[in-house]
Amino acid sequence: MTDEHPRVSDEFAKSITRTEELAYELRIHEVMSENVHCLPPDIKLEEALDIFQKERFSGAPVITNGDLVGLISIEDLIRALRSGNLDVNVSEYMTTKVVTVHEYDPVVEALKTFSRTNFGRLPVLDKQGKLVGIITKGDISNGLLTALQRDYHAEELIRYRASHLFEDIVSHRTSLILRYEIRKGDFIHGGNASSNIKRALLRLGATPQIARRCGIAVYEAEMNLIIHTNHGGSLRVEVEPHKITMEAYDDGPGIEDVEQAMKPGYSTATNEIREMGFGAGMGLVNIKRCVDEMRLISSRDRGTNLYMIMYLDDKDNTLNTVN
Amino acid sequence: MKLTEIVDLINGELLTQEEDYKKDITGAMGADLMSDVLASIKPEAALLTGLCNPQVVRTALIADIRTIIFVRGKNPDRETIRIANEEQIPLITTSLGMFEACGILHKAGLLSYELPANDDCA
């Protein structure tokens, strides 16, 4: 946004919808009608009326030598009909004070112009001032709807392509590895990696149930890295058609008594962590419930390695169920 | 139950974009511990909570929660609202307490979407 626009207050920004965002993102040339039927100024109104009726127009730009000189609308023709005079040139009745918009302006500029003026259509000019199209409120509605639909289809397409990944690549053993670095104490981004992992699994064709179970397990592991480590750690997810292996590892301080750490309700978290809704001593228990196999290896000198494995051998659960 | 009905019933306020009003909610759970939520919430539930940080939205995302209702007049910060908008999880705030908000919604027909606790967390 440039300086000439007033700053958007936080209060206002809260209520901005995707459609409103699109009104700023989309440019007028993306939604306008091109190949506009133009009229010369020296034809009779009678003839213009015929064209309007035949082509079902409600307005048309008037042009001489490629330059926009006016706009004639159905309202102008009605005025002429009222006075019973259709035997005059279009130039007599056309609007000459034409309000135009530029092709690269955001759609919101056209919307503002519509509400400021009473025009139903606005000619669209290029940088040189040549007419390149015309925009109506209907064009804007259509453009916004198409763009919203495009947003929706983009995700579908990503999902479709990703879910065919394992079919398209031939090897003896294909796997996809996702890696995330998790910083100690980074509560602001806590869960970010897990959300991305869950989304990736869905795109790769995992069922919502599998993605949810993996998501919960890896989220608990991610929060453990944020809360309990010396320097944070890493998440590594290996995706294979029949198996998802998730690993969380760090370089300390290690878990003194692994058996005890696995007991529900056992926690070493501080009150501050508990106030954030974590540290109830349920993390590892939750993980164990969610995945098919879990291994926790920890020592005071080497830190902690947590392996979480989900098998997709069930026919409905494999990532590509061809054949 | 539509989000608008929920907002009306608990005299709440929607904090995120309004297009999400369309979502239909059939059950809910109330909890302040995110691990409890992760352990026992059914998919597509509404979550009533007194906890108010970005992790709630992350938790919602991971656990397929449809909407988050902050009780006791809690208001999440801008970052939390931003994430929620991005992930299309509607946020509602109400000045009611947890007990009352849960009671009203349950009475109005929302089911309990809390799975029975496993014996190992007694």
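The values are calculated or read from the model by the stated rules, or taken from the named source; none is laboratory data. As the structure is a prediction and not an experimental result, all values here were calculated from the model. Cβ atoms come from the backbone with ideal geometry, glycine included; neighbour counts cover every protein chain shown.
Of note:
- Take the conditions (1) in contact with a His (Cβ under 8 Å, 6 or more places away or on another chain); (2) surrounded by 16 or more Cβ atoms within 10 Å (Cβ to Cβ); residue A:55 misses just one of them, which is (2).
- Of all residues in segment B:5-23, those satisfying the criterion of being surrounded by fewer than 19 Cβ atoms within 10 Å (Cβ to Cβ), over 12 Å from residue B:91 (Cβ atoms) and at pLDDT 90 or above are B:5, B:8, B:9, B:11.
- Subset of segment A:49-94 that is in a helix (DSSP H, G or I) and aromatic (Phe, Trp, Tyr) - its residue that is farthest from residue A:32 (Cα to Cα): A:93
- Residue check for residue A:246: among the aliphatic types (A, V, I, L, M), closer than 20 Å to residue A:276 by Cβ and in contact (Cβ under 8 Å) with a residue 24 or more places away in the chain: no
- Residue that is farthest from the other protein chains (Cβ to nearest Cβ), among those in segment A:34-70 that are under 17 Å from residue A:103 (Cβ atoms) and at pLDDT 90 or above: A:63
- Qualifying residues in segment A:266-284 (those that are within 18 Å of residue A:184 (Cβ to Cβ), touching a residue at least 24 places away in the same chain (Cβ under 8 Å) and more than 7 Å from chain B (Cβ to nearest Cβ)) - the one surrounded by the fewest Cβ atoms within 10 Å (Cβ to Cβ): A:268
- Pairs where the first residue, in segment A:167-189, is away from chain B (no Cβ under 14 Å) and the second is among the polar types (S, T, N, Q) and surrounded by 14 or more Cβ atoms within 10 Å (Cβ to Cβ), C-beta under 6 Å, 6+ apart: A:167/A:320; A:181/A:234; A:184/A:229
- Scanning segment A:283-314 for residues that are touching a Gly at 6+ places or on another chain (Cβ under 9 Å) and part of a strand (DSSP E or B) turns up A:298, A:299, A:303, A:304.
- Within segment B:40-70, considering residues that are of a type in the set (Gly, Ala, Ser) and surrounded by 22 or more Cβ atoms within 10 Å (Cβ to Cβ), the one nearest to residue B:89 (Cα to Cα): B:60
- Complete set of residues in segment B:27-55 that are among the aliphatic types (A, V, I, L, M), within 20 Å of residue A:199 (Cα to Cα) and more than 7 Å from every other protein chain (Cβ to nearest Cβ): B:37, B:41, B:45
- Within segment A:196-210, tally of residues that are facing chain B (nearest Cβ under 9 Å) and crowded, with 23+ Cβ neighbours inside 10 Å: 1
- Look at segment A:112-137: where a residue is more than 13 Å from residue A:30 (Cα to Cα) and a partner is crowded, with 18+ Cβ neighbours inside 10 Å and aromatic (Phe, Trp, Tyr), sitting 6+ places away or on another chain with Cβ atoms under 7 Å, you get A:137/A:114.
- Answer residue from segment A:245-265, given it is more than 29 Å from residue A:200 (Cβ to Cβ) and in a loop (DSSP other than H, G, I, E, B) and is nearest to the other protein chains (Cβ to nearest Cβ) among those: A:264
- Residue A:77 being crowded, with 16+ Cβ neighbours inside 10 Å, closer than 26 Å to residue A:128 by Cα and touching a Leu at 6+ places or on another chain (Cβ under 6 Å): no
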